[in-house]
Amino acid sequence: MVTRSYRAFRALAVASLFFAVPSTAQDDITPFWRAVDSLNLGNAINDLYTDLTLLDTIKLAGETFPITWKSSDTLFLTHSGRINGRFVGENKEVTLTATVHDGMSQKKQDVKFKVSIHGYEPYSNYLFAYFPANNNENIYYALSNDGYNFTAMNNGNRVVAADSVSVKKGLRDPHVLRAPDGWFYMVNTDMKSAEGWASNRGMVLMRSRDLISWEHSTVHFPDKYKGKNFANVTRVWAPETFWDDTYDNGDGTKGRPLVYFSLLTNDGTISYDKVFFAYANKNFTDLEGEPQHFFDRGKSTIDMDIVYNPVDGKYHAFYKNEGDGGICKVTANTLMPRSGAATGSQWSKPSKALQQTTEAVEGAGVFKLINQNVWVLMYDCYNNGHYQFTTSTDLENFKFVQDTKTSGAFTPRHGTVLPITAEETAKLMKAFPTKDFEPRVIDIPDSIGVCDGKKVVAPCSGTKIIPYVKVGDGEWNETTDLSVKKGASVTIGPHPWDGKIWSWAGPDGFKSTDREITLKNVDGDNSGYYTVTYTNETGCKSYKKIKMVVDDPDKPFVDTTTIDTGTTAIGRDYRNARNGMRLNRKPVYFDLLGNRLPGKPRNSVYVER
């Protein structure tokens with residue numbers, strides 16, 4: 001039983017500096033309370049993706065203090081720190097209590113941690129929305145399974161025609177936001193570069209429910225802000241949106257897209273590109289009020305992209321140092337400055353350059369990989385014909401992943417990558433045919449219960465395995481049941497082809513860690529079930545069995561796989577065999593209806609004892 005709180009003991013420690021304290025109280029302060037004070041689970045619990053590793057003991061000053069753990073909701077988090085369940089699309093907060101024990105004095109102290117379990121993200125693929133060239137300022141789409149390698153959609157044709165929605169007949173720098181209100185919001189630079197880099201006068205606002213059909217409106221600054229300095233803009237570059245969930249709509253609801261962009265005027269009032277913001281109106285057809293100063297580094301600042309990281313609780317704003325080259329970022333604890341503070345004062349000092357190349361870069365875009373605490377920073381190496389992709393787990397330290405060549409139908413110059421569901425991918429591919437792309441499908445995990453009227457699912461879900469098989473030089477076929485002649489060559493190449501970890505087990509001791517396996521000159525020893533295990537990037541496993549029967553009279557195939565007949569009762573012997581009970585010392589055979597047969601007749605099923 002705890003007789004004094006930790007805070008009380010710390011107060012006693014301070015008090016002991018001024019007057020005498022009984023020796024027992026002084027003894028209580030250390031080392032036990034220092035052990036309690038040292039217990040920390042780090043920032044990962046603010047947005048937990050993976051299981052926790054919990055200490056059993058703390059050793060301090062030569063003493064060992066045991067620790068026991070208790071979760072407030074084991075449907076989501078077990079007492080051992082293992083994630084048991086997740087909500088879909090939203091986090092769940094669980095209290096994890098550590099009790100530190102002192103075996104010598106029987107003291108114990110609870111330390112409570114609020115653990116926010118990351119919600120399962122129901123996405124399978126990535127959509128890249130971009131414009132492809134200065135002489136082709138329209139909106140294009142591309143798809144990816146891994147976030148690094150993309151295939152152009154719509155047979156390489158545009159998906160939004162600039163001349164149908166914009167004033168300048170040109171759309172550049174599309175940014176797409178998936179918002180909590182069910183809409184996708186897209187903003188674009190309204191500009192035709194053939195008219196010069198100072199020809200931009202506004203932006204195009206678009207919204208959609210399905211990424212296919214878009215409503216659109218234009219914001220033309222010379223008309224909207226007539227008589228004010230904002231009417232004199234020569235650049236309203238690279239607008240983006242961020243969902244501000246604190247915005248009060250005045251109708252009892254909260255949340256509105258905040259639109260931010262770089263402004264430059266020709267009247268001297270905005271003498272270099274500075275980042276401004278304005279909130280969109282409720283229907284996303286216009287901006288409300290005048291633009292407000294948001295950030296600048298003292299010199300031209302463009303292409304800002306803001307993301308929020310729940311792990312550190314900060315807003316991270318990436319931007320291009322126009323004129324100086326390179327991509328830096330600033331961070332803030334709040335999206336807006338504190339009351340009465342100067343505009344832009346919420347942001348930190350700029351970071352060092354973050355690009356992992358000495359090439360000229362621009363158009364930075366940041367997105368998170370599906371169901372992983374891994375962020376991608378991408379940028380256009382516009383003089384060298386490729387996009388570069390880097391990753392980070394903390395948005396501070398980035399490492400190079402790959403250069404993705406931009407050629408043919410896929411030549412992004414500036415755009416956005418966002419995760420999409422398998423259903424959204426299928427609808428997009430129906431609307432915009434996409435050759436040579438096989439979309440990955442990640443199913444939502446099975447339900448394990450209900451909490452607060454919402455479904456709770458298992459921690460993760462394996463990637464669907466598509467079993468492709470070919471015999472000799474023949475065509476690939478999708479099958480899990482294959483019959484071949486003795487001496488044939490068989491290749492099994494399951495998809496996803498860009499998978500992470502593969503593992504095979506099969507007849508005659510067969511094992512492999514390759515995705516694609518080839519069995520040459522097969523005979524009866526090769527007959528049986530080949531089981532492949534695929535571990536995706538989130539650590540979840542999926543399985544597929546492929547049956548191959550080789551027509552070899554010298555080594556006929558005997559199927560030793562147990563028949564799963566569901567719950568139908570077809571006789572005690574068969575049920576017992578199904579359940580793995582030993583019937584006798586000899587093999588037992590059944591017909592396909594489950595009736596026990598004597599001997600070893602043809603067309604029978606062998607149940608292994």
Can you confirm whether the range 300-320 contains a residue that is part of a loop (DSSP other than H, G, I, E, B), over 21 Å from His118 (Cα atoms) and either in the same structural domain as Arg235 (by TED's automatic domain parsing) or modelled with pLDDT of 95 or more (or both)? yes
Conditions (1) surrounded by fewer than 20 Cβ atoms within 10 Å (Cβ to Cβ); (2) under 30 Å from the mean Cα position of the chain (by Cα); (3) of a type outside the set (Gly, Ala, Ser): number failed by Lys329: (1)
The lone exception for Thr97 - which of (1) within 23 Å of Pro496 (Cβ to Cβ); (2) polar (S, T, N, Q); (3) touching a Phe, Trp or Tyr at 6+ places or on another chain (Cβ under 8 Å) it fails: (1)
Residues being closer than 30 Å to Glu537 by Cβ, out of contact with any His (no Cβ under 6 Å at 6 or more places or on another chain) and of a type in the set (D, E, K, R): count how many of those fall in the range 326-379. 4
Residue satisfying all of: in the range 205-234; among the basic types (Lys, Arg) and in contact (Cβ under 8 Å) with a residue 40 or more places away in the chain; nearest to Tyr272 (Cα to Cα) among these: Lys228
Would you call Pro467 over 30 Å from Thr74 (Cβ atoms), touching a residue at least 40 places away in the same chain (Cβ under 8 Å) and either surrounded by 15 or more Cβ atoms within 10 Å (Cβ to Cβ) or touching a helix residue (DSSP H, G or I) at 6+ places or on another chain (Cβ under 9 Å) (or both)? yes
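Quick grid of which residues meet (1) surrounded by fewer than 16 Cβ atoms within 10 Å (Cβ to Cβ); (2) part of a loop (DSSP other than H, G, I, E, B); (3) among the β-branched types (Val, Ile, Thr):
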residue	(1), (2), (3)
Ala35	no, no, no
Ile58	no, no, yes
Pro66	yes, no, no
Trp69	no, no, no
His79	yes, yes, no
Glu90	yes, yes, no
Val100	no, no, yes
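Every residue, every condition in (1) touching a helix residue (DSSP H, G or I) at 6+ places or on another chain (Cβ under 8 Å); (2) modelled with pLDDT of 95 or more; (3) under 29 Å from Phe32 (Cβ atoms), yes or no:
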| site | (1), (2), (3) |
| --- | --- |
| Thr64 | no, no, yes |
| Trp69 | no, yes, yes |
| Phe76 | no, yes, no |
| Ile83 | no, yes, no |
| Val88 | no, yes, no |
| Thr97 | no, yes, yes |
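Here is a list: Phe284, Phe276. Which entry is assigned to a loop (DSSP other than H, G, I, E, B) and surrounded by 16 or more Cβ atoms within 10 Å (Cβ to Cβ)?
On the way: Phe276 fails: assigned to a loop (DSSP other than H, G, I, E, B).
The conditions single out Phe284.
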Meets criteria (surrounded by 16 or more Cβ atoms within 10 Å (Cβ to Cβ) and closer than 29 Å to Glu537 by Cβ) for Val176: yes
Working only within the range 521-541, note down all residues that are part of a strand (DSSP E or B) and in contact with a helix residue (DSSP H, G or I) (Cβ under 8 Å, 6 or more places away or on another chain). Gly528, Tyr529, Tyr530
Just checking, how many residues over the range 227-238 are buried (at least 17 other Cβ atoms within 10 Å of the Cβ) and either basic (Lys, Arg) or under 12 Å from Met191 (Cα atoms) (or both)? 5
Within the range 481-530, which residues are within 37 Å of the chain's Cα centre (by Cα), under 11 Å from Val549 (Cα atoms) and surrounded by fewer than 15 Cβ atoms within 10 Å (Cβ to Cβ)? Asp481
For the range 187-204, which positions are surrounded by 21 or more Cβ atoms within 10 Å (Cβ to Cβ) and either without any contact (Cβ under 8 Å) to a residue 40 or more places away in the chain or not assigned by TED's automatic domain parsing to the domain that holds Phe284 (or both)? Asn200, Arg201, Gly202, Val204
Selection from the range 364-413 of residues among the aliphatic types (A, V, I, L, M), under 15 Å from Phe150 (Cα atoms) and at pLDDT 95 or above yields Leu369, Val376, Met378, Val401
Return the pairs, sorted by first residue and then second, in which the second residue is buried (at least 18 other Cβ atoms within 10 Å of the Cβ) and in a loop (DSSP other than H, G, I, E, B), the first residue lies in the range 504-525 and is of a type in the set (Gly, Ala, Ser), the beta carbons are less than 6 Å apart, and the residues are 6+ apart or on different chains. Gly524/Asp552
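Which strands (runs of 3 or more DSSP E) does the range 362-407 wholly contain that include 1 or more residues that are assigned by TED's automatic domain parsing to the domain that holds Gly85 and out of contact with any helix residue (DSSP H, G or I) (no Cβ under 9 Å at 6 or more places or on another chain)?
Working: elements: 362-368, 375-381, 386-392, 399-405.
In the range 362-407, there are no strands (runs of 3 or more DSSP E) which contain 1 or more residues that are assigned by TED's automatic domain parsing to the domain that holds Gly85 and out of contact with any helix residue (DSSP H, G or I) (no Cβ under 9 Å at 6 or more places or on another chain).
Return the only residue of Asn155, Asn188, Asn149 being assigned to a helix (DSSP H, G or I) and not acidic (Asp, Glu).
Numbers: Asn188 fails: assigned to a helix (DSSP H, G or I); Asn149 fails: assigned to a helix (DSSP H, G or I).
Going through Asn155, Asn188, Asn149 in turn, the sole match is Asn155.
Take Leu143 and decide whether it is of a type in the set (A, V, I, L, M), at pLDDT 95 or above and assigned to a loop (DSSP other than H, G, I, E, B).
Answer is no for this residue.
The values are calculated or read from the model by the stated rules, or taken from the named source; none is laboratory data. None of the values given here were measured: they were computed from a predicted structure. No Cβ is skipped: glycine too gets one built from the backbone with ideal geometry, and neighbour counts run over all protein chains shown.
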